[in-house]
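Report on the following structure.
All of the numbers you see were taken from the coordinates with simple rules; none came from a lab. A quick note: this is a predicted structure, and the numbers were derived from the prediction, not measured. Cβ sites come from the backbone with ideal geometry, for glycine too, and all protein chains shown count toward neighbours.
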Amino acid sequence: NAVAIVGSFVCLVGVACTCSPVRSLLGPRSFEHVVAAFSTLGCVLLILANPWLLAKIFNEDPTAVVTKVTTTTILETALCIDVVTTGAHMLFPVRWVVLSHQ
């Protein structure tokens, strides 16, 4: 699955950006931009991983396009997007405390 490969690459780059040598090179402001970019990209990848939503995005009839039953429902996708967004916002003060003590 191409979305899984891209998602794995995004996670790998995200982990590389959070390790201390790279984080110290980025600075706090750039680090927050990287976190925001990866959170947004993660939400987009969650939408693209759902075949039903992908058919809706391209204005196709999902019942005609999606032939097998998907295991991820729209509500599960929305919940995952909510968890990613809430996690990024809830950890914002924690990241700043960690960054300010370096």
Inset, instruction - Starting from the Cα of Leu79, step 7 Å toward the Cβ, then list every residue of segment 34-53 with an amide N under 20 Å from that point. - result: 42-53
Inset, instruction - Take the Cα atoms of segment 29-96, build their convex hull, and give its volume per residue in Å³. - result: 79
Inset, instruction - Quickly work out the Thr40-to-Thr67 label distance, labels modelled 7 Å from Cα along the C-beta direction, and quote it in nm with one decimal. - result: 3.7
Legend entry - Packing-based ranking, highest mean first, of 39-49, 83-93, 58-68 given that Cβ atoms within 10 Å are counted: 39-49, 83-93, 58-68
Inset, instruction - May I ask for the net charge around Ile74, where only other residues with Cβ less than 14 Å from the Cβ of Ile74 are counted and Lys, Arg are +1 while Asp, Glu are -1? - result: -1
Inset, instruction - Grab the beta carbon distance between Thr86 and Arg29, set R0 = 22 Å, and tell me the FRET efficiency rounded to 0.05. - result: 0.50
